[in-house]
1. How much mean residue ellipticity at 222 nm does the chain get from its helices, if each DSSP H run of length 4 or more adds -39500 (n - 2.57) and you divide by all residues, to the nearest 500 deg cm²/dmol?
2. Extent of the chain along each principal axis, from alpha carbon coordinates, in Å, largest to smallest?
3. To make sure I understand the rule: partners must be aspartates and glutamates, Cα under 18 Å from the Cα of Lys234, and not fewer than 8 residues away in the same chain. Which ones qualify?
4. Starting from 0.36 nm per residue, how many nanometres of slack lie between Asn116 and Arg59 once their C-alpha separation is accounted for?
5. Can you give me the Rg/Rh ratio for region 105-249, using Cα atoms for both radii and the Kirkwood formula for Rh?
6. Please work out whether region 11-136 counts as rounded, prolate or oblate from its C-alpha gyration tensor, where a ≥ b ≥ c are the square roots of the eigenvalues and a/c under 1.5 means rounded, while otherwise a/b larger than b/c means prolate and anything else oblate?
7. Using the Cα centre of the chain as origin and beta-carbon charges of +1 (Lys, Arg) and -1 (Asp, Glu), tell me which of Gly215, Ile40, Leu83 is placed farthest towards the positive end of the dipole.
8. Show me the helices of the chain, taken as full DSSP H stretches, that run 30 Å or more along their long axis by Cα and average -0.5 or above in Kyte-Doolittle hydropathy.
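No lab work stands behind these numbers, since they all come straight from the coordinates. Everything numeric in this text was worked out from a predicted model, so none of it was measured. Here Cβ is always computed from backbone atoms with ideal geometry, including for glycine, and neighbour counts include all displayed protein chains.
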Amino acid sequence: MTESKGISGRQVSTEQSTQGRNLSDIAYDRIEEVIVHLKIRPGEFTTVSALQQDIELGRTPVLDAVRRLADDTLVLVQSRRGLQVAPIQLDRERRLLRLRADVEKHAVRLAAERANSTHRSRMFQLVQALKNELDGRNIHAFNELDRMLDMLVLDAADEPLILRTLRPLHSIFRRTGYIYLAHLDPDGEAFVSSIERHAVMLDAIARGYQEGAVGHLTDLIDLAEGMFDTMARKIDPTLLDINIQPLSL
């Protein structure tokens, strides 16, 4: 069994990391992590070959993942120039936040109603894992837990149309949230608040409290809305698109 160092820096077993999973799904998750954590910045160009090297997978699963990421509007396929990681458009993402809120309300209700005993056990474990991250201020670790939470809730909701709608939206907002937490949250207040709100929402879902879960989701959406207000005023535009020329003052 071989071991390789994953893009997040953790030692992972190659056999364990692919066992029971479609290679295209693994490629999608790994490229998403590259994009979310700005290893390829918004507006930057790359190639399929470069992505293969970054995530240590073959051409076919990477191509499949790129097609999905293009459908999700996280990657733009530019003729003659290659692949461009989509720049961040705050006005567009603010509009998409309302779409996410409407669809995700249905997702958390369904998850609270349909979750089986295995789902609920995993949810309680994830709640504790989130709480354990409160003092660490490790944004990468939080994003990994957030991704696990999103997929666990969608799996419990068991509605493919909702999954296909929310998965790209989760990725889009995970990247924007990373930028906010890394650059505009020096005291960690938003980091702690985000973890706490995720934890109480997931706990409500695990206990089958549909309306409580929706209420906690609304609190999370409100937190994200406030982040957009702050980013519009304070963020360096080159963090949203590397092709923006900085002002010469």
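1. Values: 10 runs with 167 residues, N = 249.
Rounded to the nearest 500, it is -22500 deg cm²/dmol.
2. Cα spread of the chain along its principal axes, largest to smallest: 52, 51, 35 Å.
3. Within the straight-line limit of under 18 Å, Lys234 reaches these aspartates and glutamates: Asp91, Glu93, Asp185, Asp187, Glu189, Glu225.
4. Values: separation 57, 0.36 × 57 = 20.52 nm, distance 3.71 nm.
Roughly 16.8 nm would be gained on extension.
5. Rg/Rh: 1.02.
6. It is oblate, given that a/c is not under 1.5 and a/b is not larger than b/c.
7. Comparing the listed Cα positions along the dipole, Leu83 ranks first.
8. On the way: long enough: 90-114 (35 Å, -0.86); 160-183 (35 Å, 0.18); 210-234 (36 Å, -0.12).
Those that pass (Cα extent of 30 Å or more, hydropathy at least -0.5) are 160-183, 210-234.
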